[in-house]
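Here is the structure we will look at, set down as structure tokens.
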Amino acid sequence: MVTRITNAPGASDAGSGPKAAQVTSAAPAASAPPKNSPASPGSSASPASGTSPASPDPEASAPADSAGAWDDGLIARRVTDTSATPLTAGRTTALEPAPSRGPGGAVPPVPLAYEGPLRSRLDALGELVGLSRARLDGQTLAEAGRVLDEAAARRKLSGRHTVVAIAGATGSGKSQLFNALAGVAISETGVRRPTTASPIACSWSDGAAGLIDRLGIPGRLRRRPLHSPDGEKQLRGLVLIDLPDHDSAAVAHREQVERILKLVDAVIWVVDPEKYADAVLHERYLRPMAGHAEVMFVVLNQVDRLPGEAADMVLDDLRRLLDEDGVALGEHGEPGATVLALSALTGEGVGELREALGEFVTERGAAARRVSADVDAAAAELRPVYAAGRRVGLSEEAREEFAARLADAVGATAAGDAAERAWLRNANRACGTPWLRLWRWYQRRGTAPTGRHQVRVQADEEATARQRVEQAVRTVADRASAGLPVPWAQAVREAAVRGAQGLPEALDELAERAGEPSGRPSRPGWWPAAVLVQAAMTLVQIAGGLWLAGQIAGVMAPNLGVPVLLMVCGIVGGPLVEWGCRMAARGPARRHGQDAERRLREAAASCGRARVLDPVAAELLRYREVREQYGKVVRADAAVG
């Protein structure tokens, strides 16, 4: 730590005391302010507001031909003898050379460039938001959309400037530090709380008007630092913003702090020995902004009030609290927040902070790091809706089980058995004896059903089939959505439910069409031969019977052996042929039944795939796409489920 400077007499509190004493101690090397300066004890003007009750607004009262006018597009005001401020001390020309000027003499700012991984991450975040709008609500995507909008807005503005806000609690001395860095009393300090009512901007170079406009700071609250070639060279490109107190009793002040903190490139948090452990500071600001440590300075002010080694002890405790907040500390060359101890009142450590700020601004990488940290924060907020807890998707086992459930619902197995029995009946009819077929016909004719029992059985079967279909859809939806984040799991279930509407009716229609192929069933080649043999057996029986009847009638010569033999051959041969045909028909009948079952299963699976599985797979594919984009948004070392 730098050597501590003895406190100025009469300055017991860094946040109070006479203004002249504060300015002198904050910038001992600076030239004295003009007599009418607001920093003078005899002045009644307030530099925080730019006006005072005793004098009108300088913008309205300044003559058009006053000397010391600012024409750089940053400060639209002219300084008169009656309202002179330290802005005119040695400042009449621009700090940076302007090799080329646009229309009207304005220096065109060099836009900020997002290159490499950051540009890819922003593109992926845009794709992610676009793909998710139909599945996630606007509130969930609000922060990601804001980050994209702010990144696009910051990209159009100057890339040679770094906007740094000074934030702190009431009485922490942030306005005093602001004046010490500027080398002149720009922001009002005093006992009255809150002192800083509106943010004040101070720019060390030209071309930052667009950045300050983006913060909503009016021209009357824009200032220039004290003219100092060394200071201007060291902090060239810095735009310093003095914010109202973040714990102010005025709600409007806190709202301004939160709004501007989302827009600046970096933040200097000023804490004092009394409030450095304030829960509001850590829980509301530092902890949520832990990912922005690389663009964060934490300054322990008023160390001149701490005796002996107390400053080192408080600083160590502050580092401990920051570590508990998750704020990485930039020690030993590692990226993280810069933690310093200083006294804005005595000037102790201010030079060290100015040097650190100079290096920080010279790198010109704060804006990109801030945007990258914002992308990290947005990705962390979106993680619950994109990162799955397990491998997701529909396995082949789940698909096959769904198809099997649908096949059971339409009765594929029973339909196959029925087709097999029907094929056997056709074989029996074709190859059976005429007498047996005649007897069966007589039996069917005598037992005609009424149909009442069958109608009821059919209704019960339809109700059972519908329940089976609904159960199959619920099961496959649960398996497909298992492990998915809640919004995507809900989308998968909704897709399955939509597809299930009308599925039982479609299955019934398909079962009716696919249960039996068009046309007559195929017959094996031996059927005609069996039919001819059966006809021959019948003819043999008839011939033997007629022969025997002729002998009995005396028409033919008696010879019982031949006609009886013919009749026995016909009577025995017919059933034997029928039995042989029945045995031979079992194989073809089984294959016919299996074909019918397979066709019905395929039809049911095709219907279920088109109505349920394909919409579910489409939702899963969309989720994989957004998860792929989310993987591009998060850092390479972050794990994505």
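The values are calculated or read from the model by the stated rules, or taken from the named source; none is laboratory data. Fair warning: this is a prediction, and the values are worked out from it, not measured in the lab. No Cβ is skipped: glycine too gets one built from the backbone with ideal geometry, and neighbour counts run over all protein chains shown. The area values use the complete protein model at the heavy-atom level, side chains included, leaving out ligands, DNA and RNA. Shrake-Rupley method; radii C 1.70, N 1.55, O 1.52, S 1.80 Å.
Of the accessible area of segment 312-411, with the probe set at 1.4 angstrom, what percent is carbon plus sulfur? Working shown, then result.
Details: 2040 of 4470 Å².
With neighbouring chains kept in place, the figure for segment 312-411 is 46 percent.
Quote the FRET efficiency, to the nearest 0.05, computed for residue 422 versus residue 560 with a Förster distance R0 of 45 Å and r equal to the Cβ-Cβ distance.
E between residue 422 and residue 560, to the nearest 0.05, is 0.55.
Testing the spin-label approximation: label points 7 Å from Cα along Cα→Cβ at residue 438 and residue 542. State their distance in nm.
1.0
State, in angstrom, two size descriptors of segment 115-166 derived from its alpha carbons: Rg to one decimal place and Dmax to the nearest whole number.
13.4, 40
For a label point 7 Å from the Cα of residue 283 along Cα→C-beta, name the residues of segment 226-269 whose backbone N is under 18 Å from it.
Zone members listed by number: 246-249.
Straight-line reach from residue 275: which aspartates and glutamates have Cα under 18 Å away, leaving out those fewer than 8 places along the same chain?
13, 245, 247, 283, 304, 312, 316, 317, 323, 324, 325
Could you do me a favour and compute the accessible area per residue for segment 240-397, 1.4 Å probe, result in Å²?
For segment 240-397, the per-residue accessible area is 41 Å².
Calculate log10 I(q)/I(0) of segment 235-356 for q = 0.17, 0.21, 0.23 Å⁻¹, where I(q) comes from the Debye formula with a single equal point scatterer on each Cα and nothing for solvent.
The calculated log intensity ratios at q = 0.17, 0.21, 0.23 Å⁻¹ are -0.93, -1.43, -1.61.
Could you order peptides 166-174, 471-479 by the average number of other Cβ atoms within 10 Å of their residues, highest first?
Answer by packing, highest mean first, reads 166-174, 471-479.
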